[in-house]
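Visitor: Here it is: the structure, laid out below.
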Amino acid sequence: MTVTARRELVSPAVRNAIRSLATSLTLRIVSELWEDHGFAPIPPDELKYQDSGQRRSEFMLYAEGVDWSDPNHIRRVLLVFEDFIRKYDEVTYEWRKESSATPDKWLEDIRVRLERDGFALDKEGRISWSNPPVLARDLSKLSDASGITIELERIRRDLTTDPQGAIGAAKQLIEATAKTALQELSIEVDKNAALPALISTVQKALKLDAASAPEGPDGSKAVKKILSGSVNIAVGVAELRNQGFGSGHGQASAPSGLGVRHARLTVNAAVTWCELILDTLADPAAPWRKVTT
């Protein structure tokens, strides 16, 4: 089994800045702000953080229980951080107004740190992703998700700034997902197999092709049409990249007229197919798990 290190989506710099706000709040408020969004503390004897401050330590009891690489965790964490900012502003407003320090320096510091991580803090105190994750799926149960993770990072990086790069990464995301799924199914993968062959192989293995779909919703005419369309989607992404609109092949001339909307279309199409494969692979009740006699 290969252990894959996943990139943390929120840096220690941001976490430290929010943690510093806890010193002006009560222990009860610190815990409530976390628990309001479904987080629970780790046992105190498991806390690795060392600090004489009770409030900062209370903050870390919850923070150390967060999976900082999981987009679903981070969505809730951002709500926690928003509440910390609002509560700190409310509790310290009078003191900061009367002090000689620059009134909003603390907030600007947090805003800058968030921006470095790819987040935006608006005037109402809401935090949002500048470039949100394109595939909100738990990959931790895969024996090796590094190939998928690399392509997701490329898409996040290139989607709004390099359409050609994002299209190339979308094709590679499909390829990485197909190979990963076949590896999880212990099906040997031909290293030289073309993408259409990989797509066909993995959909047949997962009983997602129209011919092998069983009775029930998976075998209905409507679902079969959708499954047939999913193959065309995945192959279309590969063809677009191979026609020179995606990175991966040197071109005498750069493609003209290519914009962010083309990149979004291609990425969204690729993600639709990848989610179908990963969801079916993880589903304990999926038809491919049933042994036919």
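Visitor: What residue, among those in the stretch 20-35 that are in a helix (DSSP H, G or I) and open to solvent by 40 Å² or more (accessible area, probe 1.4 Å), is nearest to HIS73 (Cα to Cα)?
Guide: GLU35
Visitor: Which of (1) open to solvent by 30 Å² or more (accessible area, probe 1.4 Å); (2) assigned to a helix (DSSP H, G or I) does VAL14 not meet, given it meets every other one?
Guide: VAL14 satisfies every listed condition except (1).
Visitor: Sticking with this structure for a sec: Suppose the filter is buried (at least 17 other Cβ atoms within 10 Å of the Cβ), assigned to a helix (DSSP H, G or I) and touching a strand residue (DSSP E or B) at 6+ places or on another chain (Cβ under 6 Å); does LEU78 pass it? Show your work before the answer.
Guide: Numbers: buried (at least 17 other Cβ atoms within 10 Å of the Cβ): yes; assigned to a helix (DSSP H, G or I): yes; touching a strand residue (DSSP E or B) at 6+ places or on another chain (Cβ under 6 Å): yes.
It is true that LEU78 is buried (at least 17 other Cβ atoms within 10 Å of the Cβ), assigned to a helix (DSSP H, G or I) and touching a strand residue (DSSP E or B) at 6+ places or on another chain (Cβ under 6 Å).
Visitor: Now, a different point. Using the structure shown, decide if VAL223 is among the aliphatic types (A, V, I, L, M), open to solvent by 20 Å² or more (accessible area, probe 1.4 Å), in a helix (DSSP H, G or I) and at pLDDT below 80.
Guide: Working: among the aliphatic types (A, V, I, L, M): yes; open to solvent by 20 Å² or more (accessible area, probe 1.4 Å): yes; in a helix (DSSP H, G or I): yes; at pLDDT below 80: yes.
Yes: the conditions hold for VAL223.
Visitor: Moving to a separate point now. Which residues, counting only those in the stretch 46-68, are under 17 Å from LEU114 (Cβ atoms) and not aromatic (Phe, Trp, Tyr)?
Guide: ALA63, VAL66
Visitor: If TYR88 satisfies every condition in (1) of a type outside the set (A, V, I, L, M, F, W, C); (2) open to solvent by 60 Å² or more (accessible area, probe 1.4 Å); (3) at pLDDT 90 or above but one, which is the exception?
Guide: Evaluating TYR88 over (1) of a type outside the set (A, V, I, L, M, F, W, C); (2) open to solvent by 60 Å² or more (accessible area, probe 1.4 Å); (3) at pLDDT 90 or above leaves (2) as the failure.
Visitor: Among the residues of the stretch 130-147, count how many are more than 11 Å from the chain's Cα centre (by Cα) and either surrounded by 14 or more Cβ atoms within 10 Å (Cβ to Cβ) or modelled with pLDDT of 80 or more (or both).
Guide: Matching residues across the stretch 130-147 total 7.
Visitor: With respect to the numbered conditions (1) more than 27 Å from VAL267 (Cα to Cα); (2) at pLDDT 90 or above, which one is the sole condition not fulfilled by GLU115?
Guide: Evaluating GLU115 over (1) more than 27 Å from VAL267 (Cα to Cα); (2) at pLDDT 90 or above leaves (1) as the failure.
Visitor: Residues in the stretch 179-189: is at least one over 20 Å from THR266 (Cβ atoms), out of contact with any Leu (no Cβ under 9 Å at 6 or more places or on another chain) and at pLDDT 90 or above?
Guide: yes
Visitor: Still on this structure: Can you work out which of the residues in the stretch 240-288 that are charged (D, E, K, R) and either modelled with pLDDT of 85 or more or part of a loop (DSSP other than H, G, I, E, B) (or both) is most open to solvent (accessible area, probe 1.4 Å)?
Guide: By that ranking, first place goes to ARG261.
Visitor: Further, regarding this structure: Six or more apart or on different chains, Cβ atoms under 8 Å: show the pairs whose first residue is in the stretch 144-171 and closer than 16 Å to LEU240 by Cβ and of a type in the set (Lys, Arg) and whose second is open to solvent by 20 Å² or more (accessible area, probe 1.4 Å) and not in a helix (DSSP H, G or I).
Guide: Correct list of pairs: LYS171/GLY248.
Visitor: Only one of ASP83, ASP70, ASP89 is of a type in the set (Asp, Glu) and within 29 Å of ASP144 (Cα to Cα). Can you tell me which?
Guide: Only one candidate qualifies: ASP70.
Visitor: Filter the stretch 158-201 down to residues that are part of a helix (DSSP H, G or I) and in contact with a helix residue (DSSP H, G or I) (Cβ under 8 Å, 6 or more places away or on another chain), then give me how many there are.
Guide: So the count comes out to 28.
Visitor: Same structure, new question: Between residues in the stretch 80-91 that are closer than 20 Å to ALA40 by Cβ and residues that are open to solvent by 20 Å² or more (accessible area, probe 1.4 Å) and assigned to a helix (DSSP H, G or I), which pairs lie under 7 Å by C-beta distance while being six or more apart or on different chains?
Guide: Hits for this filter: LYS87/ILE29.
Conditions (1) surrounded by fewer than 21 Cβ atoms within 10 Å (Cβ to Cβ); (2) at pLDDT below 90; (3) more than 23 Å from the chain's Cα centre (by Cα); (4) aromatic (Phe, Trp, Tyr), marked per residue:
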{"site": "ILE167", "(1), (2), (3), (4)": "no, yes, no, no"}
{"site": "LEU173", "(1), (2), (3), (4)": "no, no, no, no"}
{"site": "PRO196", "(1), (2), (3), (4)": "yes, yes, yes, no"}
{"site": "ASP209", "(1), (2), (3), (4)": "yes, yes, yes, no"}
{"site": "GLU215", "(1), (2), (3), (4)": "yes, yes, yes, no"}
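Visitor: Would you tally the residues in the stretch 140-188 being polar (S, T, N, Q) and under 21 Å from GLN203 (Cβ atoms)?
Guide: Of all residues in the stretch 140-188, those polar (S, T, N, Q) come to 140, 143, 146, 149, 160-161, 164, 172, 177, 180, 183, 186.
Subsequent filtering for residues that are under 21 Å from GLN203 (Cβ atoms) retains 143, 172, 177, 180, 183, 186.
Count: 6.
The values are calculated or read from the model by the stated rules, or taken from the named source; none is laboratory data. Because the structure is predicted, anything quoted here is derived from the model rather than measured. With ideal geometry, Cβ positions are generated from the backbone for all residues, glycine too; neighbour counts draw on all protein chains shown. Surface areas here come from the heavy atoms of the whole protein model, side chains and all, with no ligands, DNA or RNA. Shrake-Rupley method; radii C 1.70, N 1.55, O 1.52, S 1.80 Å.
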